[in-house]
Each structure stands twice: as structure tokens, then as C-alpha cells.
Amino acid sequence: MFSHDAFAMGPAPGTCNNEYDGSYVSAIITAGNQTFYPLQNNVTFKMNIGQSYNLTTIIHVPNQSSQGNSLPGSLWYSSNEIGYDQNYCSPTVNPSTNYTISMNVGFPNDYNPNQSQVISVYWAPHGYSYTVDWVVPPTSPPSAPQNLQASAASSSQINLSWSAPSNNGGSPVIGYMIERSTDDGSTWNTIVSNTGSTSTTFSDTGLVHSTTYTYQVSAINSAGMSVPSNTASATTLNTVPSVPTGLTATAKLLKINLSWTAPSDNGGTPITGYMIERSTDNGSTWSTLVENTGSTGTTYSDTNVLPLTIYTYRVSAINDIGTGNPSNTASASIASTPTLP
């Protein structure tokens with residue numbers, strides 16, 4: 001806490017042009033929602049460092065200057081408090097009028113604690129006093145981040161954005177905690193304990209396709225963590241199916257029969273068919289045998305084969321999103337003399 005006094009220090013020095021020695025008509029201090037009248041009582045009030053108060057003073061110009069005339073002249077006042085004009089001659093004033101001084105006063109940024117904690121304000125020829133206790137505001141956790149939004153970027157990524165808290169609690173925000181839920185907010189898992197950044201965006205990656213995720217964000221400062229933001233949900237996009245498994249190839253008469261197992265994951269949308277590829281160089285190069293079977297069936301017979309040629313096959317599943325990765329490979333060959341059934 002710093003105690004700052006303001007008080008008058010005697011008559012004007014007589015250095016202004018045709019100087020008038022005025023008297024105070026009023027002095028009003030507005031500090032937040034409080035109002036003080038230092039001419040009427042010994043005023044003391046507190047201010048947080050970083051805030052400011054307004055002081056408005058009205059000085060009445062007498063009908064004669066200190067030089068004994070009624071010509072236009074000036075008033076003199078002095079202050080050593082940052083924010084006030086110091087050793088100042090006012091603009092031109094006329095006799096029998098009021099002169100108003102009004103300005104906001106804040107804690108001096110260059111205040112040196114090794115110097116006197118008393119700041120004196122001098123106005124001549126008459127003055128008043130008041131005391132300002134400048135205090136370091138208490139620090140508390142920030143208010144909640146605002147306007148959290150979530151949007152799916154892909155089948156495995158959701159992007160988040162939000163607005164910083166409207167109140168940082170008196171200490172800068174140093175990061176955010178991000179939580180995620182897969183049961184609509186019944187339970188939460190912390191995915192980032194502290195982003196260590198003031199950035200208000202985040203990309204959550206490595207997610208499962210076609211899944212709804214719910215998020216909330218909390219702000220962090222030196223005093224602690226805020227309550228969470230609003231929640232926001234997004235559903236990852238569908239993707240292509242996973243690979244078919246268990247592909248086998250069996251030679252039978254003048255054909256090769258294929259059989260496989262459907263993918264364990266259809267990508268979030270039904271499988272509509274399979275692409276079948278064939279190779280005659282043990283998988284070095286591939287040609288499309290069937291672009292899309294148009295069926296969910298998991299068997300196929302290749303009748304366009306020649307004896308004594310090794311054919312290698314692979315199968316890929318298709319859904320509305322596209323074609324997935326190929327299965328394992330399987331090979332078979334027709335003998336020179338086909339075996340009867």
C-alpha cells in the first residue's frame with residue numbers, strides 16, 4: 001500500500017502574466033462509483049494500481065489581478081504528481097470568471113519506492129488535501145473463456161476456437177486447459193493440461209471417424225484456473241472402409257475363386273462394393289480386374305485366366321466416401337490339365 005497526499009503549498013510565485021490569485025469554488029474526485037469532495041473534508045480513498053481517478057477543480061478568478069488591474073491575465077498552479085501540469089500558468093483568464101481543471105490521475109509508472117511516498121499537489125493561493133492509498137489489486141483466477149466453437153476438419157481432426165476471458169483476474173492469462181468428452185459431457189478427460197500459450201485455437205487430432213466429441217476450455221493465470229467455458233461438440237467426418245481381411249485364392253477348373261472377409265470398420269457409411277485387382281508379376285504391377293463389384297458379397301470368380309500362370313490378387317472395399325486400402329494378397333495358378341470337380 002502506498003499513501004499519497006495532496007495539499008496546497010502557499011501563494012503563487014508571481015511569475016505568470018498579470019497573475020490572478022483565485023480561490024477554489026469546488027473540487028470533485030470521482031473514483032469508480034464513489035465521489036469525494038476534498039474541499040469539505042479530509043478525503044481518503046483506495047485505488048488499485050493500474051486504475052485512475054478523475055479530479056475536477058474549479059477556481060474563481062477575482063475581479064482584480066495581483067498587479068491591481070482587471071486586464072486579462074492567468075492563474076498559476078503547480079504539482080509534482082504525474083498527470084498534472086507542473087509549475088503551470090493557465091491560458092488567458094478574465095476577471096470574475098471560473099477556471100476549470102479536470103484530468104484523470106493514475107499511479108505514476110515511474111514511481112520510485114526509494115523516494116518519498118508523499119505526492120504533493122500545489123495550487124495557489126489556497127489549497128486542500130486528500131490521500132490516495134494505491135494498492136496492488138488482489139489476483140484471482142480468470143473468468144471463463146467465451147464462445148467456444150468446435151468444427152470437424154476431417155475424419156480424425158476437430159478444430160476448436162474460443163474468446164479469451166473478459167476478466168483475467170488481475171494477472172495475465174498464461175494458458176488454457178482443454179477437456180474432451182465422448183458421452184456428451186457426463187465425464188471429462190483432460191487432453192491438454194496447459195497449452196502454455198495465449199492462443200485461442202487448438203486442433204485435436206488422432207480421433208475416431210464418425211464420432212461425436214464434446215469440449216470445454218478453462219483459462220489459467222498465476223492464481224489458478226477459471227471455471228470451464230461453454231461446451232461445444234462436433235462429429236468427425238466419415239472415411240473410407242478399413243481393409244478387407246483373410247483373402248484367399250483357389251484354382252478350380254479354368255477359373256480362380258476368391259474369398260475374403262468384410263472390413264471390420266465400414267468408415268461410417270455402408271460398403272457398396274469391392275474393387276478387385278490382379279497382378280501377373282507377383283504384385284510388382286497391378287491392373288484393375290473389377291472396378292466396383294456393386295455388391296456386399298465377399299466372393300468372386302476370375303474366369304479370364306490362362307494355365308500355368310500365377311495370378312496374384314488384392315481386394316479393396318468401397319463406400320460413399322471412396323475406396324479403402326487393399327487387403328492382403330493371395331495367389332493361385334491353373335494347371336496345364338484342369339482337374340475335374
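The values are calculated or read from the model by the stated rules, or taken from the named source; none is laboratory data. Being a predicted model, the structure only gives us computed values, none of them experimental. Don't worry about glycine lacking a Cβ; one is built from the backbone with ideal geometry, like all the others, and counts go over all protein chains shown.
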(request) For residue 312, work out the one condition from (1) buried (at least 17 other Cβ atoms within 10 Å of the Cβ); (2) out of contact with any Lys or Arg (no Cβ under 8 Å at 6 or more places or on another chain); (3) of a type in the set (Ser, Thr, Tyr) it doesn't fulfil. (result) (2)
(message) Looking only at segment 221-257, how many residues end up being part of a strand (DSSP E or B) and either surrounded by 21 or more Cβ atoms within 10 Å (Cβ to Cβ) or small (Gly, Ala, Ser) (or both)?
(response) 8
(message) Being part of a loop (DSSP other than H, G, I, E, B) and surrounded by fewer than 12 Cβ atoms within 10 Å (Cβ to Cβ): is that true of residue 294 here?
(response) yes
(message) If the requirement is being closer than 13 Å to residue 229 by Cα, among the hydroxyl-bearing types (Ser, Thr, Tyr) and outside any strand (DSSP E or B), which of these qualifies: 143, 161?
(response) 143
(request) Taking residue 219 as the residue in question, decide whether it is under 48 Å from the mean Cα position of the chain (by Cα) and closer than 30 Å to residue 148 by Cβ. (result) yes
(request) Kindly provide the set of residues from segment 202-218 that are of a type in the set (Val, Ile, Thr) and either at pLDDT below 95 or surrounded by 12 or more Cβ atoms within 10 Å (Cβ to Cβ) (or both), ordered by number. (result) 208, 211, 212, 214, 217
(message) Being within 30 Å of residue 328 (Cα to Cα), among the β-branched types (Val, Ile, Thr) and touching a residue at least 24 places away in the same chain (Cβ under 8 Å) is true for just one of 201, 205. Which residue is that?
(response) 205
(request) Kindly list, by first and then second residue, each pair from a residue in segment 180-196 that is of a type in the set (S, T, N, Q) to a residue that is exposed (fewer than 11 other Cβ atoms within 10 Å of the Cβ) and not in a strand (DSSP E or B), limited to pairs with Cβ atoms under 7 Å and residues at least 6 apart or on different chains. (result) 181/187
(message) Condition check: at pLDDT below 95 and of a type in the set (Val, Ile, Thr). Does residue 334 satisfy that?
(response) yes
(request) Select from segment 258-287 the residues that are surrounded by 20 or more Cβ atoms within 10 Å (Cβ to Cβ) and either over 54 Å from the mean Cα position of the chain (by Cα) or of a type in the set (Ser, Thr, Tyr) (or both) and write down the one among them that is farthest from residue 330 (Cα to Cα). (result) 274
(request) Within segment 68-81, track down each residue that is modelled with pLDDT of 90 or more and of a type in the set (S, T, N, Q). (result) 69, 70, 74
(message) Anything in segment 306-330 that is modelled with pLDDT of 95 or more and of a type in the set (A, V, I, L, M, F, W, C)? List them, or say none.
(response) 310, 315, 317, 318, 321, 330
(message) Checking the structure you have, find out if any residue of segment 182-198 is in contact with a Leu (Cβ under 9 Å, 6 or more places away or on another chain) and not β-branched (Val, Ile, Thr).
(response) no
(request) Please work out if residue 128 is outside any strand (DSSP E or B), touching a Pro at 6+ places or on another chain (Cβ under 9 Å) and at pLDDT below 85. (result) yes
